[in-house]
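S.K.: Have a look at the structure that comes next, please.
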Amino acid sequence: MNLAVFRDIVVNGEPIPSTAIAAEAQNHSAPRNKPGVAWRKAAQALIIRALLLQEALRRGLTAEPEELSPGRVETEEEALIRVLLDEALKIEPVSEAAVHAEWARRPERYRSPPLWDVSHILCACDPRDEAARTAAEARAKTLLTRLDGDAKGFAEVARESDCGSKTAGGHLGQFGPGDTVPEFEAAIRDLPEGGVSPAPVLSRHGWHILRLNAIAPGQVLPYDTVRPRIAEALEKAAWARASRDFVARLSDEAEISGASLAPV
């Protein structure tokens, strides 16, 4: 990235070096071949940090870094920003009425995880080995053309699977979200009940032909069960709104050159 094409950024007389923005940009996503998007996101993040630290200094705040997790302790700047936000943001407790109203808006959103009953045929390979991957894919495609689409036909072809489940017609049993590799789960979610994957699916284990035998949709959970989750979500949303408003006020009162906090 050519740092010379970007203007210097100054927040209330405090410069933010291009090198700092370039380093921060590594933490922000951007469309391919558009590094300027990551740069602007990084610049905004550092502008906000500068505004918050300047406000903490203005208020004469001090803070002791806290342990966030085993082996992870706040930096002094993170601690100062935490103390500032704790002092500046006044969040009203979420009322029972607000929690209930959010739940009542669409109770069907709050369900137990679904269960999928799945069978598969595995053509095993190491995906990192190009030759093995190509050969296994060709074999999987050949097997796929032999399927009738029904469970009996699938079980017959599954005898040629490289998975131990071949003795049970490829049947893997039931599992839910997070019980298998992500690429496997994503493909299952796209299948209708009784459907077979239209093309082999690659995972770290090789190529899979998948069949969704049945699905048990998650059950709608009672209000008392989901109430803590809803209350927490509403509290986080209120905190996020308050913090955005606080930063906006600091920005309105600040002198910022070289960038803005306008949405990227």
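The values are calculated or read from the model by the stated rules, or taken from the named source; none is laboratory data. Since the model is a prediction, treat every value here as computed from it, not as a measurement. FYI the Cβ positions are ideal-geometry reconstructions off the backbone, even for glycines, and counts take in every protein chain you see.
S.K.: Inside region 88-119, can you point out the residues that are within 27 Å of the chain's Cα centre (by Cα) and among the polar types (S, T, N, Q)?
M.R.: If the condition is that a residue be within 27 Å of the chain's Cα centre (by Cα) and among the polar types (S, T, N, Q), then Ser112 is the only one that fits.
S.K.: Any residue in region 226-241 that is without any contact (Cβ under 8 Å) to a residue 60 or more places away in the chain and of a type outside the set (S, T, N, Q) sitting within a Cβ distance under 9 Å of a residue that is crowded, with 16+ Cβ neighbours inside 10 Å and not in a helix (DSSP H, G or I)? List the pairs, counting only those 6 or more apart or interchain.
M.R.: Final answer for the pair search is Glu232/Val94.
This table checks each residue for (1) in contact (Cβ under 8 Å) with a residue 24 or more places away in the chain; (2) under 20 Å from Trp239 (Cα atoms); (3) not charged (D, E, K, R).
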position	(1), (2), (3)
Glu64	no, no, no
Thr75	no, no, yes
Arg82	no, yes, no
Leu89	yes, yes, yes
Val94	yes, yes, yes
His100	yes, yes, yes
Ala104	no, no, yes
Pro107	yes, no, yes
Arg111	yes, no, no
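S.K.: Among the candidates Ala187, Ala158, Ala135, which residue alone is surrounded by 15 or more Cβ atoms within 10 Å (Cβ to Cβ) and more than 30 Å from the chain's Cα centre (by Cα)?
M.R.: Ala158
S.K.: Moving to a separate point now. Could you list, in sequence order, all residues of region 159-202 that are touching a Leu at 6+ places or on another chain (Cβ under 9 Å), hydrophobic (A, V, I, L, M, F, W, C) and closer than 19 Å to Cys125 by Cα?
M.R.: Listed by number, the residues that qualify are Cys163, Phe184, Ala187, Ala199, Val201.
S.K.: So which of Ala63, Ala98 is in a loop (DSSP other than H, G, I, E, B), touching a helix residue (DSSP H, G or I) at 6+ places or on another chain (Cβ under 7 Å) and farther than 22 Å from Asp252 by Cβ?
M.R.: Criteria check complete, one pass: Ala63.
S.K.: Would you tally the residues in region 7-55 being over 23 Å from Leu84 (Cα atoms) and acidic (Asp, Glu)?
M.R.: 1
S.K.: Moving on to the next point. Run down Val196, Val220 and say which single residue is surrounded by fewer than 18 Cβ atoms within 10 Å (Cβ to Cβ), in contact with a strand residue (DSSP E or B) (Cβ under 6 Å, 6 or more places away or on another chain), among the β-branched types (Val, Ile, Thr) and in contact (Cβ under 8 Å) with a residue 24 or more places away in the chain.
M.R.: Being surrounded by fewer than 18 Cβ atoms within 10 Å (Cβ to Cβ), in contact with a strand residue (DSSP E or B) (Cβ under 6 Å, 6 or more places away or on another chain), among the β-branched types (Val, Ile, Thr) and in contact (Cβ under 8 Å) with a residue 24 or more places away in the chain holds for just one of Val196, Val220, which is Val220.
S.K.: Can you say whether Ala98 is surrounded by 13 or more Cβ atoms within 10 Å (Cβ to Cβ), over 24 Å from Arg204 (Cα atoms) and at pLDDT 95 or above, as far as the supplied structure shows?
M.R.: The answer is yes for Ala98.
S.K.: From the list Leu202, Leu144, which residue is out of contact with any strand residue (DSSP E or B) (no Cβ under 7 Å at 6 or more places or on another chain), within 29 Å of Asp129 (Cα to Cα), surrounded by 15 or more Cβ atoms within 10 Å (Cβ to Cβ) and touching a residue at least 12 places away in the same chain (Cβ under 8 Å)?
M.R.: Criteria check complete, one pass: Leu202.
S.K.: Name every residue in region 38-58 that is over 24 Å from the mean Cα position of the chain (by Cα), small (Gly, Ala, Ser) and either surrounded by fewer than 20 Cβ atoms within 10 Å (Cβ to Cβ) or farther than 11 Å from Leu250 by Cα (or both), in order of residue number.
M.R.: Ala56
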